[in-house]
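Take a look at the structure set out below.
Just so it is clear, none of the values below were taken in a lab; they were calculated from the coordinates. Keep in mind it's a predicted model, so treat the numbers as computed, not measured. Cβ coordinates were reconstructed from backbone atoms using ideal geometry, including for glycine residues, and neighbour counts include every protein chain displayed.
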């Protein structure tokens, strides 16, 4: 399995696959599989990248 979260860098936009109601989030950091994302409708969330694959958004 390819770790798609590995390409995520600060400033990139993503969606959480299980919580679409959170809206688009902006990656704040990606360190050792822990991805911190600031979601428009949820706030800052730290996501375990080994368990959840975030969905990149190319046109937020």
If I stretch the segment between residue 19 and residue 52 completely, what's the gain in nm (0.36 nm per residue apart, minus their alpha carbon distance), one decimal?
10.8 nm
Likely footprinting exposure, 15, 40, 51, fewest C-beta neighbours within 10 Å first:
51, 40, 15
If each of residue 3 and residue 41 carries a label point 7 Å out from its Cα toward its Cβ, how far apart are those two points in nm?
3.1
How long are the three semi-axes of the equivalent ellipsoid for the chain, computed from the Cα gyration tensor as the root of 5 times each eigenvalue, in whole Å, largest first?
16, 11, 11
